[in-house]
């Protein structure tokens, strides 16, 4: 698929060239009609469309959630809804997804495609700071799956709010942990990069959990309770 001049870059792993990424997509289950519509509509937003997860990452989330079959899932950072659509489509019949975001503008696109996919009844969207939304959950509410893909300065706070609530077999997926490779560039010291480095170090030293950092997308860390 070629981008028009007014379209944003196609989200993919920063270390993959276009040819290899195309090969990966050609050997991965294709998005359905509704997902393709969402990809196209997001691309029209220009460079900000790079905030959308890649197609292969969306399928990866779908397969993770299909295997876990969570009763209650949480997404921190919804944007136009590609990741939430992947998660919601994989939920069991009684599964619910809480989406946390602060933008009515971007999430209006998400709502449109949730409705078209018939998953809107499974999703609760709360437009408010995610830290407040997590704090307001019932104290005994367990989280079976969480996806964190929001402001990088808030990653540690969101993680610390979720870990104590993680169910026995629950899983957290955290996006952008490689940050286009800037995490290992000593000359890069902007706030987002520093926050991600500190977050990655925190997770790797957290004895409450087991974790693995994967090179899918812009880097994805998976976290579960330690055995």
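Read-outs throughout are calculated quantities, based only on the coordinates presented, and are distinct from any laboratory measurement. Computed from a predicted model, the values in this text were never measured in an experiment. In this analysis, Cβ positions are derived from the backbone assuming ideal geometry, glycine residues included, and neighbour counts consider all displayed protein chains.
Would you mind calculating the relative contact order of the range 18-225 from Cα pairs under 8 angstrom and at least 6 residues apart, reporting the percent as a whole number?
On the way: 336 pairs, mean separation 36.1, N = 208.
Relative contact order, the range 18-225: 17 percent.
Give the separation of the Cα centroids, the range 153-227 to the range 24-43, in Å.
Result: 27 Å between the Cα centres.
How big is the range 8-80 in terms of Cα radius of gyration and Dmax, in angstroms?
Reported Rg and Dmax, both Å: 13.2, 39.
With each pseudo-label sitting 7 Å past Cα toward Cβ, what's the residue 128-residue 93 distance in nm, one decimal?
That separation, rounded to one decimal, is 3.2 nm.
Indicate the gyration tensor shape class of the range 18-225 (rounded, prolate or oblate), computed on the Cα atoms with a ≥ b ≥ c the square roots of the eigenvalues: a/c under 1.5 is rounded; otherwise a/b larger than b/c is prolate and the rest oblate. Show your work: numbers first, answer last.
Values: a/c = 1.39, a/b = 1.06, b/c = 1.31.
Verdict is rounded for the range 18-225.
Provide, for q = 0.20, 0.22, 0.23 Å⁻¹, the log10 of I(q)/I(0) from a solvent-free Debye sum over equal Cα point scatterers in the range 121-227.
-1.10, -1.27, -1.35
Set the Förster distance to 35 Å, then compute FRET efficiency between residue 136 and residue 20 from the Cβ-Cβ distance, nearest 0.05. The partial results should precede the final answer.
Working: r = 44 Å, r/R0 = 1.25.
In this case the efficiency is close to 0.20.
By how many nm would the segment from residue 226 to residue 44 lengthen if fully extended, with 0.36 nm per residue of separation less the alpha-carbon distance? Walk me through the numbers on the way to the answer.
Working: separation 182, 0.36 × 182 = 65.52 nm, distance 4.23 nm.
Full extension from residue 226 to residue 44 adds 61.3 nm.
Need one number: convex hull volume per residue for the range 83-161, Cα atoms only, in Å³. List each step's numbers first, then the result.
On the way: hull volume 7.5 nm³, N = 79.
With only Cα atoms used, the range 83-161 gives 95 Å³ per residue.
Using DSSP, restrict attention to beta bridges with both residues in the range 18-225 and report what percent are antiparallel, rounded to the nearest 5. List each step's numbers first, then the result.
Numbers: 10 of 29 bridges.
Taking every DSSP beta bridge within the range 18-225, about 35 percent pair in antiparallel fashion.
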